[in-house]
């Protein structure tokens, strides 16, 4: 009984398999957020004290031509099913993504601009 327990413990630890390889990022290089994959319910955070708990950082671009993602505000969460279609929530607990809104464009992962036409929403190819 004891030998069976020790043998199963040894197999669970599996000392004979190599350690899993984890890709390491270069020091000082931060991974950026892809704005083209964000859709669904979104909460926009403006409090800088909560920035560390956010998924990414965005900048609201004043010009449509310079924005990375054109966003259409949906009135129903069920219709926000593609990139650029966002349902803005009032509570961060019910959001799929929490994004911090910054006023400095250099600190943002990507920039957005709101559009009034649903078919224009989405990622801009650059």
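Computed from the coordinates by the stated procedures, all read-outs in this text should not be read as laboratory data. This one's a predicted model, so the numbers in the text were calculated from it and none came from an experiment. Using ideal geometry, Cβ is built from the backbone for each residue, glycine included, and neighbour counts are taken over all protein chains shown.
Most tightly packed first, judged by the mean number of other beta-carbon atoms within 10 Å of their residues, the peptides 91-98, 45-52 read 91-98, 45-52. Model label points for residue 36 and residue 73, set 7 angstrom from Cα along the Cα-to-Cβ axis, are 2.7 nm apart. Restricting the calculation to Cα atoms, every distinct pair contributes to the Kirkwood radius of the chain, found to be 17.2 Å. Helix 2-13 and the long axis of the chain differ in direction by around 30°, with both axes built from C-alpha atoms. Each stretch of four or more DSSP H residues adds -39500 (n - 2.57); spread over every residue of the chain, this sum gives -3000 deg cm²/dmol at 222 nm. In the chain, Cα pairs under 8 Å separated by at least six residues give a relative contact order of 34 percent. Under 1.5 on a/c is rounded, so check that first for region 43-113, then, if it is not, pick prolate when a/b is larger than b/c and oblate when it is not; a ≥ b ≥ c are the square roots of the alpha carbon gyration tensor eigenvalues. Oblate is the answer for region 43-113, as a/c is 1.5 or above yet b/c matches or exceeds a/b.
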